[in-house]
Each structure stands twice: as structure tokens, then as C-alpha cells.
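Presented below is the structure to which this report refers.
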Amino acid sequence: MNELYKKVASSKITISELMLPSHTNFSGKIHGGYILSLLDQIAFACASKFSGHYCVTASVDTVDFLNPIEVGELVTMKASVNYVGKSSMIVGIRVEAENIQTGKVKHCNSSHFTMVAKDKDGNNTQVPGLILSSDIELKRFFNCIKHISLKKEKNQHEEIFDYKAASSLEILKQYNVKLETF
């Protein structure tokens, strides 16, 4: 049986991979899609390790590409569960790239994935509660609460907002957009 509560530390996963020429985009930098694939893998590993269950990606909440990654750099991804619901977890991931010749490390990406635990029949299943043991863990948990609240507010706004109202269409005048008749 799974524990009722687990420490954030029990979810931590770190992976490192050397970036190869086969991982590049047309500009010679490491392709963002390749990094996204690695992010999804570590989010899965982190959530599955914490929950003790197979997990699926429910949403990719944030992916902030901050600095490009070069061929030959060692990319390290650090993931931990920052928030838990009933069957869901928000996994935070930090991506750093190190020039292995100079030792210089740069922060390249920060991401948040919502993962959902599944039982053997594919149904959502309960995850352990989260034990917060440090100021940074507390901060991350509260940041997730705020993000969830903003996501709900956005979804509610979309349900009630009248896109075709004259006042709404007037707002568009301040943007680089032109409406055709529809």
C-alpha cells in the first residue's frame, strides 16, 4: 500500500544527456521539440516515482525557453513534485546546460507539467499527500495553487466572454489585426 504522505525529496529525479548534432534544428541549436520530449520523460518518471503508479501527461502548463542549448553541451534536468491534488501532481522541471570544456552552466528552461496517476485499469487513482519541508517547497506549492486559480479563471472567462460584442471588437483596434466579415 502507498504511503499517505511523502516528502518532495522522494519525487526528485535528475537526468543528464549530452546534446548531439542529431538533436539540432535548422539554426544549429538544440531543437525545442527534442527538449520537450525529454521534459515529458522526466515528468513521467518523477510523477510515477512519487505516486507509485503509471502516470499520464494531462497538460503542459508552462514551458519557458530562456537560453538556447548548443551541440556538445551537457543538459541536466531536475524534476520534483511541487503540488498534489487527488490524482494529479504538478511537476516542476529546471533545465540547465553546461559547457563541458569551460564548466559554465546556464539556466535554459523552466517547465511545469500536470501529471495524473492511473490504476491498472486506466482509471484515475489517488496519490500520496505532499510533505513540505523547506521554504522553497512551500513557495512552489503556493505558486501552483495560484497557477491553478488563474487557469480556472481563464476557463471561466472563455465561457462567459462575448467575443462579438461591439465593446469586445473595439478592443481589437489596439492590436495588429484586421477583421474580415464573417
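Rounded to two decimals, the Cα-based Rg/Rh of the stretch 115-169, with Kirkwood Rh, is 1.22.
Across the chain, the relative contact order, built from alpha-carbon pairs under 8 Å that are at least six residues apart, equals 24 percent.
Full extension of the chain between residue 64 and residue 37 gives 8.3 nm of extra length, using 0.36 nm per residue less the Cα-Cα distance. Candidates 35, 18, 133 compared by Cα position along the dipole of the chain: farthest toward the positive end lies 133, with charges placed on Cβ. As a calculated quantity, the FRET efficiency between residue 12 and residue 54 at R0 = 30 Å, using C-beta atoms, amounts to about 0.95. For the stretch 165-175, 3J(HN,Hα) computed residue by residue from phi via the Karplus equation (6.51, -1.76, 1.60; θ = phi - 60°) reads 5, 3, 5, 5, 5, 4, 4, 5, 5, 8, 10 Hz, glycine and proline entered as x. Here the peptides 67-76, 23-32, 80-89, 153-162 are ranked by packing, the mean other Cβ count within 10 Å, and the order with the highest first is 80-89, 67-76, 23-32, 153-162.
Tell me what the chain gives for mean residue ellipticity at 222 nm when only DSSP H runs of n ≥ 4 count, each as -39,500 (n - 2.57), the sum divided by the residue total, rounded to 500 deg cm²/dmol. Only helices count here, giving -9500 deg cm²/dmol.
Percent of Cα pairs in the chain per distance bin of 10 Å, from zero to the largest separation: 9, 29, 26, 21, 12, 2, 0. Distance between the pseudo-spin-label points of residue 110 and residue 146 (7 Å out from Cα toward the beta carbon): 1.0 nm. Compared with the direct C-alpha span, the chain from residue 132 to residue 157 gains 5.8 nm at full extension, assuming 0.36 nm per residue.
Read the figures in this text as sums done on the coordinates, not as results from a lab. Remember, it's a predicted structure, so these values are computed and weren't measured experimentally. Reconstructed Cβ throughout: ideal geometry from the backbone, glycine too, with neighbour counts over all protein chains shown.
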